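One structure is given here, and the rest of the page talks about it.
Every read-out reported here was derived from the displayed coordinates using simple, explicitly stated rules and does not represent laboratory data. Since we're looking at a predicted model, the values are computed, not measured. Backbone-built Cβ (ideal geometry, glycine too); neighbour counts: all protein chains shown.
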Amino acid sequence: MEGQAGRTVLLCNGALPRYAPPMHSHAPVVVPDSVIAELRTLVGAENVLSHGHELLVYECDAYTLEKHLPGVVVLPRTTEEVAAVVKLCARHELPIIPRGAGTSLSGTVLASTGGVMIALTRMNRILDLDVRNRRALVEAGVVNALVTQAAKPHGLFYAPDPSSQPACTIGGNVGTNSGGPHTLKNGVTTNHVLGCEVVLPDGEVVWLGTTPDGGEDVPGYDLRGAFIGSEGMFGIATRVLVRLVRAPQAFKTLLGIFESVDDASQTVSDIIGAGMVPGALEMMDQMITQAVEAAYHFGFPTDAGAVLIVELDGLAAGLEEQSTRVVEICRRNKSREVRVAKDDAERAEIWKCRKRAFGAIGRLSPNFLTQDGVVPRSKLPEIMRFIRATSERHGLRIPNVFHAGDGNIHPLILYDERDPAQVKRAVQAGEEILEKCVALGGSVTGEHGIGVEKADMMARQFTPDDLEAMKMLRRVFDPAQRCNPHKMFPGAKRCADFAPRKQIAA
């Protein structure tokens, strides 16, 4: 098959690119001083970080349980610089690790064996806002929320809204196919990315999907779709063409207050069963509501078993009727109160509290492990009961905040990394919860990706043949498996000791 940018990609008759064995040794990769000097020549000395104290911020992402320093961090400003850096790494057979803002929650950008980390945060321009065709061309380092801010005066917005929206980048969203609270109705990243420019692991620059000057119909295989969610293992996205959608005419945001998670969960199923698809259906249990209230003082009831955020959006004419039906369903499921946001300011406050929930956990514990399993909506009460039992079994607190509308749970397992026994129990509890998600007909991830954290869990969900098919697709893009190595696949995970960080020389 001829690739969309002239690259020959063979996908049939066994004609795969030459296979190079993965780097099973997991020995630390040393980046030679001569390569670091060349990198400085390519992108400028101010855009190359190589000293220990400079690299500390890049030792992990928001999955802090495993840490490892890259050999060097490069901060390119153009696609041409990215391509030049990647070609240099290819010549020296060095691993490359693409990185955005580092907000990912599964070790997706961990430099497992060192190597060259390519951070795209300085490629942060919105290149074109095409209002007429409702699309925008942005560099990979553009912060998610800034796209909507730019489109808002034109009555448009960019739909995927991860909780890290004020910090996470579009390129990182592409890597993990990020979602967010409003994906119940609007869909995830892959539903809103039309095409992207990619630097392949050999340095070749290709465009996958719709080009900035083209229509939306692209002949051939959907390589754009294959790339989204590949966690940086297929190449590095440098520019992304995103779809913008018309902002809803009106919103109705309700806060249902329940005595139990079971009652709130049943309300979620009943709302969907009544034929309504809200923009968002979010749930917080008592422990996380207490932490959020202590941090932000919104007025959440701290004695409630669960609170449910229901956001309706669309034409103003029909929202009042839908709101009345939602209130009736809440009351039928024993809600003790249903509040309706009185204006846009109060609605914004509710969402600020919800999206900052993870930050409020610092009031409860020095560390937490965020899980990302998925279950069918009808199984929410069962998985919540299992999580409570897991919490008791391991002696660890596990508050919950999650996308109830699509069954994407986010239990936060609290622990102290200074206590090795707690670390071990936290990891075990997370694995047990994910295994239960699979047993209930769900998945080990909904939006955070696999990274290093859940690599071994893939074998619990997929057959060996499934996994081999995925590996074959990866080798099409990256035969030597140098691009973000030791991620996603069972056996690829580095044997980290989960110990507190050791002293690092400057």
**Prompt:** How far is it, in nm, from the label point at ALA345 to the one at PHE251 when both lie 7 Å from their Cα along the line to the Cβ?
**Reply:** 1.5
**Message:** Taking every pair of distinct Cα atoms and averaging 1/r, then inverting, what Kirkwood hydrodynamic radius in Å comes out for region 250-360?
**Reply:** 13.9
**Fill in**
Going fewest to most other Cβ atoms within 10 Å around each Cβ, ARG134, ARG482 line up as ARG134, ARG482
**Fill in**
The ³J(HN,Hα) series, computed from each phi in region 165-180 with the Karplus coefficients 6.51, -1.76 and 1.60 at θ = phi - 60°, rounded to the nearest Hz and given as x for glycine or proline, is 3, x, 10, 5, 9, 4, x, x, 4, 5, x, 10, 6, 4, x, x
**Asked** When the helices in the chain are scored as -39500 (n - 2.57) per DSSP H run of 4 or longer and the sum is shared across all residues, what 222 nm value do you end up with, to the nearest 500 deg cm²/dmol?
**Response** -9500 deg cm²/dmol
**Prompt:** Taking neighbour Cβ counts within 10 Å as the exposure measure, how do THR267, THR78 sort from fewest upward?
**Reply:** THR78, THR267
**Fill in**
From the cross-link list LYS67/LYS471; LYS185/LYS424; LYS436/LYS487, the entries with a Cα-Cα span beyond 31 Å are LYS185/LYS424
**Message:** Taking only Cα atoms of the chain, what ratio of Rg to Rh do you get with Rh as the Kirkwood inverse-distance radius?
**Reply:** 0.97
**Request:** Using R₀ = 56 Å, calculate the FRET efficiency as 1/(1 + (r/R₀)^6) where r is the Cβ-Cβ separation of ARG418 and THR324; round to 0.05.
**Result:** 0.60
**Request:** Could you please rank ASP270, ASP466, placing first whichever residue has the fewest other Cβ atoms within 10 Å of its Cβ?
**Result:** ASP466, ASP270
**Request:** Compute the projected area of the convex hull of the Cα atoms of region 365-446, averaged over all viewing directions, and report it in nm² to one decimal place.
**Result:** 4.6
**Request:** With all distinct Cα pairs included, what does the Kirkwood hydrodynamic radius of region 351-391 come out to in Å, to one decimal, could you say?
**Result:** 12.3
**Request:** Could you state the orientation-averaged shadow area of the convex hull built on the Cα atoms of region 396-493, in nm² to one decimal?
**Result:** 7.6
**Complete:** A convex hull over the alpha carbons of region 295-411 yields, per residue, a volume in Å³ of 134
**Asked** According to the Cα gyration tensor, what semi-axes, each the square root of 5 times an eigenvalue, does the equivalent ellipsoid of region 196-270 have, listed from largest to smallest in whole Å?
**Response** 40, 19, 12
**Asked** Normalised by the residues of the chain, what does the relative contact order come to in percent, with Cα pairs under 8 Å and at least six apart?
**Response** 16
**Asked** Out of residues 5 or more away from LEU194 or on other chains, whose amide H comes under 5 Å of its own, with H placed 1.01 Å from N in the peptide plane?
**Response** LEU241, VAL242, ARG243
**Prompt:** Given a Förster distance of 51 angstrom, what is the FRET efficiency for ASP33 paired with GLU382, based on the Cβ-Cβ distance and rounded to 0.05?
**Reply:** 0.35
**Prompt:** Along region 69-77, what does the Karplus equation 6.51 cos²θ - 1.76 cosθ + 1.60 (θ = phi - 60°) give for ³J(HN,Hα), rounded to whole Hz, x for Gly and Pro?
**Reply:** 6, x, x, 7, 10, 10, 10, x, 10
**Request:** Mind putting a number on the dipole of region 405-498 about its Cα centre? Charges go on the C-beta only, +1 for Lys and Arg and -1 for Asp and Glu, and I need it in Debye to the nearest 20.
**Result:** 320
**Fill in**
Whole-percent tail of the Cα-Cα distance distribution for region 131-239, cut at 19 Å, equals 43
